[in-house]
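Laboratory data are not the source of any read-out in this text; all were calculated from the coordinates shown. Note that the coordinates shown come from a computational prediction; the quantities given were computed from them, not determined experimentally. Positions of Cβ are backbone-derived with ideal geometry, glycine not excepted, and every protein chain shown enters the neighbour counts.
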Amino acid sequence: MFSIWDYVISFLVGGFICFLAQILVIRTKITTARILVLFLIIGMILEVFNIYAPFKEFAKAGASVPIIGFGANLARGAIMAAKEDGIIGIFTGGLTASAGGIAMAIFASFIFALIFSSKTKRGGH
Amino acid sequence: MDKNRRNINYNLYVESKVPKTRAWPSLIKAFILGGTICAIGQGFFDMYTYFFPNLSESEVTTCMLMTIIFITCLLTGIGVYDVIGAWGGAGSVIPITGFSNSISSPAIEFKKEGIIYGICVKMFTIAGPVIVCGVVGSIICGFIGYFL
C-alpha cells in the first residue's frame, strides 16, 4: 500500500506545477491573489473536461495538494450535486465539497491570530 | 528625436539598476519546496488511509488537506512560514499551504486593528478573490454539468 513511487510522482508533479508558477512570477510579476485565482480556474477547467480524474490517479497528492485540486474539488462537487439533486445542487454542491478546507483555514487562522502577534514586518506577498 | 534617445537611455539605466531576479535558482527552489509539500501531503494521505480504512478516498483527501492547512496556519503564527515563503517563492503559494497562509498571515498582521475590523475583515484580503472565483466558477460548472 505504501509505495515509494507515489511519493516520487507527487514530488515531481507538484514541483513541476510550482516551477511553472514561478516562471509566471518571474516573467509577469503576477501577484499572489491573481496566481491563486489563475490556478484555481485551471483546476476547474481540467475537471469540466474530465482531465482531472485521470491526472489525479496518476499524480496522487501532486494533483490534490496544489490549488488546482481545490478548484477541481469545487467544480466536481457542483457537477455531482447538480446531477443528483437538480437545480439546488448547482448552488450547494461546490461549497459542500470544499467546506472542510475553507472552514479549517478560517478557524485555524482566527484562533492563531488571537494567540500570536506578528513579529516581522514583511514585504511582498 | 532627442527625447526618444533620452527615454531609451533612461530605460537602459533603469534596467541596469533594477536587481536581477536570478531565474534558475528560484525556479529550482520553487520546484523543491512545492514538491516537498506535495510529498508530505502524500504522507498524510497514506497515514489516514492506514488508520481510518473506512473513509472514502475523497474524505481522506479532505482530512489530509485540513491537516496541511492547520499546520500552515500554525507555522504562519510562529513566523516560520514567512521564512519558507521567502526561500521558495511560488513553491509556497501554489500548494494549498499558500491559500492557508494568505488567510492567516493578514489575520495575524492586522490583529492590532481589533477583532472585527482587524482579524475578521483583513482575513479575506487575498483569499476573498479565491473564494469568490471558486464559488462563481463552481456554479457555472454546476450549470454545465446539469445541462450536459
Helix-derived [θ] at 222 nm for the protein assembly as shown: sum -39500 (n - 2.57) over DSSP H runs of at least 4, divide by residue count, nearest 500? -26500 deg cm²/dmol
Compactness of segment B:21-147 - radius of gyration and Dmax, Cα, Å: 17.0, 49
Mind putting a number on the dipole of segment B:14-148 about its Cα centre? Charges go on the C-beta only, +1 for Lys and Arg and -1 for Asp and Glu, and I need it in Debye to the nearest 20. 520 debye
Wrap a convex hull around the Cα atoms of the protein assembly as shown, take a quarter of its surface area, and give that in square nanometres. 18.3 nm²
³J(HN,Hα) across segment B:31-45 via Karplus (A = 6.51, B = -1.76, C = 1.60, θ = phi - 60°), whole Hz, x for Gly/Pro? 4, 5, 5, x, x, 4, 4, 5, 5, 4, x, 4, x, 5, 4
Would you please name the trypsin sites (Lys or Arg not before Pro) within segment B:44-148 that are DSSP coil residues with at most 11 other C-beta atoms within 10 Å of their C-beta? none
Let me check against my output: what whole-number percent is the relative contact order of segment A:4-115, with C-alpha pairs under 8 Å and at least 6 apart? 23 percent
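Can you tally the net charge around A:Gly62? Count Lys and Arg as +1, Asp and Glu as -1, for every other residue whose Cβ sits under 11 Å from the Cβ of A:Gly62. Kindly include the intermediate steps, with their values, before the conclusion.
Working: positive: A:Lys56, A:Lys60; negative: A:Asp6.
So the environment of A:Gly62 carries a net charge of +1.
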Could you state the number of Å between the C-alpha centres of segment A:1-34 and segment B:35-89? 15 Å
Between the residues A:Ile26, A:Gly77, A:Ala113, the Cα farthest towards the positive end of the dipole of segment A:4-115, that dipole coming from +1 and -1 charges on the beta-carbon of Lys, Arg, Asp and Glu, is from A:Ile26
Once both axes come from the Cα atoms, what is the angle between helix B:96-109 and the longest principal axis of chain B, in degrees from 0 to 90, rounded to 10? 70 degrees
Regarding segment A:1-93, what is the average projected area of its C-alpha convex hull, in nm²? 7.2 nm²
By what distance, in whole Å, do the Cα atoms of segment B:38-94 stretch along each of the three principal axes, largest value first? 39, 20, 14
Averaged across the residues of B:38-51, what count of C-beta atoms belonging to other chains lies within 10 Å of each residue's C-beta? 6
Starting from the Cα-Cα distance between B:Val14 and B:Lys112, subtract it from 0.36 nm times their residue separation and give me the gain in nm to one decimal. 31.5 nm
Comparing B:Leu12, B:Leu33, B:Leu65, which has the greatest mean-square fluctuation in the GNM of chain B with Cα pairs linked when under 10 Å apart? B:Leu12
